[in-house]
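Just below is one structure, and these are the notes that go with it.
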Amino acid sequence: MPSPFGLLAELTYACPLHCAYCSNPLNLTDYRDELGTDQWLGVMAEARELGVLQLHLSGGEPLQRHDIVEIVRGATELGLYSNLITSALGLSRRRAEQLAEAGLGHVQISIQAADEAGSDRIAGTRSFERKLTAARLVKDLGWPLTLNVVLHRQNIDQVTEILHLAEKLRADRVELANTQYYGWALHNRGALLPSRPQVERAETAVRAERERLRGQMDVVYVLPDYYSQYPKPCMGGWAQLELTVAPNGDVLPCPAAHTLPLPRASVHEASLAWIWQESPLFQRFRGTEWMPEPCRSCARREIDFGGCRCQAFELTGDPARTDPVCVLSPDHEIVAEAVRAANEAERPAAEEFTPRPHPGRPV
Ligand code: SF4
Ligand code: FES
């Protein structure tokens, strides 16, 4: 049994942004009862016992929690390395200094495009300038800074400008991650899936910039899996490396698994150790025994583990099927059809995606 390396603590789904590619649950009413401070401290202690070393504080927007400093301090006392994953809205100098004093190890800020109008339009709210101010603050306080940019049809032509912006902000690392089509992002797929020429231009631009920035900034570029022959090993394999705890205490093998028709696991009902080691949810797709053909007899089955269970479910209604991204999948036509549409269509008008319409707090 592997030990989990990381805990993704989704502290709240409350969020000031309305990103068109959001993958958080559509129904936030299930998450109204958020874990309290002591419950989070307990979850982190159990995670540390299990072997977790890295804590990713996420959401929603984790800075919407009034107790974020206390949670970070608790993590530091447990010996966890903590990473704040934030839109940066709410990162005032005073709050940042408190977080630094509490031992926060790393900050990851999302930006949505290289320019103010584009970034604010995709985020669904004015935020770009505040993000840049917060990014400068992060560097002033001596933290390592990662910028995370979710790429799609409406910003992928800007990768060079995005990397120039990251350089100006003295980011240590940039993650250029193509959109994963779950939840609200799947709803907007027609407006978000890039064309093949866009993907090829982006790859060329990233390669050139990565070379230029070698030794100064790490550039991580995650290929869009709709354009790959084979799927990615999602999460490094089901329940292999990391666990996620949702705001209401649900424990998940990946952040999107709340969509799957599987038995629940919750910190209210069981220990994290039992959930990780024995729960039906975590056991369901571990290893290779569960696999159908063509995965079962495929030479790549321990490389990609049959791809993403959440994507298989979103696209076929059955989480146990081969990820339709795979060219060997009997359902591959679903992905091929979306790719054909993305390459036939004229570039959709800017208004064609729907910003995520959720309230600031779960209701
Ligand atoms: Fe991966 Fe399954 Fe496709 Fe083989 S058939 S490449 S194991 S998804
Ligand atoms: Fe859930 Fe890939 S996101 S298995």
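The values are calculated or read from the model by the stated rules, or taken from the named source; none is laboratory data. Quick caveat, the model's predicted, so the values are computed rather than measured. Neighbour counts run over all protein chains shown; Cβ positions are idealised from the backbone, glycine included.
What the table below lists for this structure:
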{"item": "Top-ranked residue of the stretch 227-240 - restricted to ones that are touching a strand residue (DSSP E or B) at 6+ places or on another chain (Cβ under 9 Å) and modelled with pLDDT under 95, ranked as nearest to Glu344 (Cα to Cα)", "result": "Lys232"}
{"item": "Selection count, the stretch 288-304, where residues are part of a loop (DSSP other than H, G, I, E, B) and either in contact (Cβ under 8 Å) with a residue 40 or more places away in the chain or of a type in the set (Lys, Arg) (or both)", "result": "2"}
{"item": "Residue selected from the stretch 284-304 under the condition among the hydrophobic types (A, V, I, L, M, F, W, C) and more than 9 Å from ligand 1 (Cβ to nearest atom), by the criterion farthest from Ala239 (Cα to Cα)", "result": "Trp290"}
{"item": "Identity of the residue in the stretch 28-43, in contact (Cβ under 8 Å) with a residue 40 or more places away in the chain and either in a loop (DSSP other than H, G, I, E, B) or among the polar types (S, T, N, Q) (or both), that ends up surrounded by the fewest Cβ atoms within 10 Å (Cβ to Cβ)", "result": "Thr29"}
{"item": "Test: residue in the stretch 186-193 that is at pLDDT 95 or above, away from ligand 2 (no atom under 16 Å from the Cβ) and touching a Phe, Trp or Tyr at 6+ places or on another chain (Cβ under 8 Å)", "result": "no"}
{"item": "Qualifying residue in the stretch 267-278 (condition: in contact (Cβ under 8 Å) with a residue 12 or more places away in the chain and more than 21 Å from Leu11 (Cβ to Cβ))", "result": "yes"}
{"item": "Filter result (part of a helix (DSSP H, G or I) and closer than 21 Å to Asp172 by Cβ) within the stretch 76-94", "result": "Thr76, Arg93"}
{"item": "Search result, residues across the stretch 44-58 that are on the phi > 0 side of the Ramachandran plot and buried (at least 20 other Cβ atoms within 10 Å of the Cβ)", "result": "none"}
{"item": "Search result, residues across the stretch 267-286 that are more than 14 Å from ligand 2 (Cβ to nearest atom) and in a loop (DSSP other than H, G, I, E, B)", "result": "Val267, His268, Glu269, Ala270, Ser271, Ser279"}
{"item": "Subset of the stretch 107-125 that is under 17 Å from the mean Cα position of the chain (by Cα) and at pLDDT below 90 - its residue that is surrounded by the fewest Cβ atoms within 10 Å (Cβ to Cβ)", "result": "Ala123"}
{"item": "Of residues in the stretch 305-318 being surrounded by fewer than 21 Cβ atoms within 10 Å (Cβ to Cβ) and in a loop (DSSP other than H, G, I, E, B), the one farthest from ligand 1 (Cβ to nearest atom)", "result": "Gly317"}
{"item": "Top-ranked residue of the stretch 325-348 - restricted to ones that are outside any helix (DSSP H, G or I) and either within 18 Å of Phe282 (Cα to Cα) or more than 9 Å from ligand 1 (Cβ to nearest atom) (or both), ranked as modelled with the lowest pLDDT", "result": "Pro348"}
{"item": "Any hit, the stretch 83-98, residues being basic (Lys, Arg) and under 21 Å from the mean Cα position of the chain (by Cα)", "result": "no"}
